[in-house]
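Each reported figure results from applying straightforward, stated rules to the coordinates on display, with no laboratory input. Fair warning: this is a prediction, and the values are worked out from it, not measured in the lab. Every residue, glycine as well, gets a Cβ built from its backbone with ideal geometry; the counts of neighbours run over all protein chains shown.
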């Protein structure tokens with residue numbers, strides 16, 4: 001039974017007529033309080049990560065899919081992580097039905113006392129978005145990709161069972177994404193694009209924004225082999241970032257311009273000045289009066 005009156009208002013009133021009683025607001029609220037609200041899972045330190053993921057997905061399922069056509073929570077992807085934490089707490093408090101994006105936010109940072117996957121530092125989380133085509137229309141879906149012990153999986157919410165939870169059992173990121181593509185094929189959807197984000201911080205007070213679209217892959221333009229290669233390239237980029245930037249990110253097709261790495265050809269003003277001041281040995285540099293810098297035209301690089 002869902003948390004609310006199924007069948008809409010007319011179904012609710014019909015139920016009252018069968019019982020021979022008029023609708024009562026007081027009794028309606030009484031019935032509402034009797035409906036159990038899903039509890040946010042909490043974990044012992046010894047609980048294995050795979051079991052925690054199953055508990056998180058079970059909690060997301062218990063909230064149920066939102067079929068009303070009305071979005072109960074306003075989600076701005078540009079909000080910092082700390083702001084999304086507050087939104088997730090509100091979701092767990094209200095316990096209303098959700099859709100795929102709300103499920104991703106909950107999976108990342110839900111809970112008044114326990115931050116679901118955020119309390120698992122050995123688990124990496126990153127968003128995976130899908131764009132599909134069916135019967136003249138485009139559809140979008142998003143899940144929360146996870147990586148634990150070198151194995152990939154996902155958390156999520158969907159009307160279809162095979163488009164949500166995936167246990168962390170896939171050896172590569174491409175295997176995980178291709179499994180979703182096969183699931184789409186079973187309902188006659190054609191996968192058009194896949195958008196992959198970077199790993200999400202585990203700091204609940206972080207003011208960083210989630211990088212939702214680090215790599216944008218056009219399935220048709222890339223072809224099968226290049227599509228697989230780009231998925232694995234993105235997986236390597238995430239590992240490099242986790243390793244505290246041991247190397248520059250690999251170039252990815254359709255990579256967003258505003259998240260590209262700085263060009264290596266650029267050098268700082270200090271290094272340019274040091275090169276220009278190099279002189280042959282034995283030649284003394286003539287002394288020149290030092291001019292005060294013009295602070296009016298100074299700009300801070302960000």
Residues 67, 202, sorted so that the one with the fewest Cβ neighbours within 10 Å comes first: 67, 202
Per-selection Rg to Rh, the range 139-208 - Cα, Kirkwood hydrodynamic radius: 1.00
Computed log₁₀ I(q)/I(0) - Debye formula, equal Cα scatterers, no solvent, the range 31-95, q 0.12 Å⁻¹: -0.42
Fewest-first ranking of 242, 60, using other Cβ atoms within 10 Å as the exposure measure: 242, 60
Rg/Rg_ref, the range 49-243, where Rg_ref = 2.2 N^0.38 Å and atoms are Cα: 0.97
Label-point gap, in nm, between residue 190 and residue 47 - each point 7 angstrom along Cα→Cβ: 4.4 nm
Ascending count of other beta-carbon atoms within 10 Å, so fewest first, for 188, 212: 188, 212
